[in-house]
1. Tell me whether the stretch 216-229 contains one or more residues that are touching a Lys or Arg at 6+ places or on another chain (Cβ under 8 Å) and not acidic (D, E).
2. Taking I332, is it under 16 Å from G281 (Cα atoms) and outside any strand (DSSP E or B)?
3. Among the residues of the stretch 37-75, which ones are without any contact (Cβ under 8 Å) to a residue 40 or more places away in the chain, within 26 Å of R404 (Cβ to Cβ) and of a type in the set (V, I, T)?
4. Among residues belonging to the stretch 396-413 that are in contact (Cβ under 8 Å) with a residue 60 or more places away in the chain and assigned to a loop (DSSP other than H, G, I, E, B), point out the one that is surrounded by the fewest Cβ atoms within 10 Å (Cβ to Cβ).
5. Can you list residue pairs whose Cβ atoms sit under 9 Å apart, with the first residue in the stretch 302-313 being surrounded by fewer than 18 Cβ atoms within 10 Å (Cβ to Cβ) and polar (S, T, N, Q) and the second being at pLDDT 95 or above and part of a helix (DSSP H, G or I)? Count only pairs 6 or more apart in sequence or on different chains.
6. A34 passes all but one of (1) in contact (Cβ under 8 Å) with a residue 24 or more places away in the chain; (2) not in a loop (DSSP other than H, G, I, E, B); which number fails?
7. Only residues that are among the aromatic types (F, W, Y), closer than 30 Å to E250 by Cβ and either part of a helix (DSSP H, G or I) or in the same structural domain as K13 (by TED's automatic domain parsing) (or both): list them for the stretch 277-310, please.
8. Would you point out which residue out of S380, S393 is crowded, with 17+ Cβ neighbours inside 10 Å, closer than 30 Å to L417 by Cβ and either of a type in the set (D, E) or at pLDDT below 90 (or both)?
Amino acid sequence: MKFGRTLREETLKEWRFYAVDYKALKKTLKHDPADVDEFHRILENSKSKLSKFYHEKENWANNYMHTLEENVGKLRESSSRPSSTSCEIENIINPAEDESFSSSNNSSVTLTEDGQISDTTPTGVMDFSPSRNNHKKQFSSVVNAAWLKGEYRRVGRSDHFKHFIYAKKSLATFSRELELLIEFLGLNQMAFSKILKKFDKRTGQVTRDESMEELLEKYSYLSGAYLSSVQEHIAELLDEVDSMKPCLPERWEERKVYTIGCFDLFHRGHQNVLLSLREFGYYIVAGIHDDESYFKLKNKYTIDNLETRMKNVKPFVDQLYVIPSTDPLLYIQSVVSQQDIDTGSCCYARGDDMLQFPGREWVESVMPVHFVPRTESCSSTLLRTIYHAEDESLREKAAFAKTRYDGKPIDDDGNVLKLMG
């Protein structure tokens, strides 16, 4: 495979704007004679663009480290409280497995709306006489399901669990980001080397070794050494976070996890959220809006059609269903089985960029709802503006613009940059 294609295919589409313009550089060398001035102009522009991108990423990484340290600090504090859900300090008894529960508590058991156990019934009495022994098994099953549903909600609401999820997810995402940056820098270092070799071959000069030595001295970040040192520190924090993982109720990992999205211009932010859903269960079910409902929701057309979006999402989930409406409520109600609701073997999870998502009231009434932190400086709007705006100056402006909490590019006044055309 030719290197130009390798560079493009192995570079995140989100970062292709900042990569060495290998194709344009190669094109100048095909002229007869070679357009040396244009070659150097593009080369310097590539250096400048890549350098600006890296230093903004490095500044972001250094600042974001404070957030990561704060997340770990909150986890340390919450995990040390007596009310935390750590296995070492909490000894929860499952009433369905506790012999004293049925012998000493003769009241009937019902379920409250949030899955907790209640001992009030119309009669107020449950008789465990021999004539009703055949109901003990059913009673145990009901109590166990109720207890588990209550535990799932209790753990999901606990500060310990929330701080664990935010600390682990943000650290894992940041570690992947660093790895991607290091790989990106390596690809671009190779691009400089290969294109300078082609330049020497085309012009008959012998400048590559000297040029690369100067390049690596001036742009020492291309080695990725600093990012690698940060990555080592992140690995240590991840080990510490894993050691403070809450004690989760039985069958937690057997739950189905539901989520809904549009997933246009599928990017690493989508991937990171979907990967993090495995913290809540083993089977991921994602609803995806069709093209028409996407347009009605956002007042713009998708860049990727429904079929493409489904193909992008499928490797990260176990089951997909299409939502042909702006209101997803009926569709998720139809997908979630009553059995899963009754046994508590389901939950809903999504990124925290939309806390009041459509249908939340019903979803939260039947299953726990979890949120995970979104990936910083990453959004479909940003990609759409950089790669699909007709105004070239707007593309450049968006590429190096500040981003809002949801990753959308903003101007100096905090206004989202508008996509023209």
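1. So far as the stretch 216-229 goes, yes, one or more of its residues are touching a Lys or Arg at 6+ places or on another chain (Cβ under 8 Å) and not acidic (D, E).
2. no
3. The answer is none; no residue qualifies.
4. Checking each candidate, the answer is F400.
5. Matching pairs, first to second residue: N305/D291.
6. (2)
7. Within the stretch 277-310, none qualify.
8. Of S380, S393, the one residue that is crowded, with 17+ Cβ neighbours inside 10 Å, closer than 30 Å to L417 by Cβ and either of a type in the set (D, E) or at pLDDT below 90 (or both) is S380.
The values are calculated or read from the model by the stated rules, or taken from the named source; none is laboratory data. These numbers come from a predicted model, not from an experiment. Note: ideal-geometry Cβ built from the backbone for every residue, glycine included; neighbour counts use all protein chains shown.
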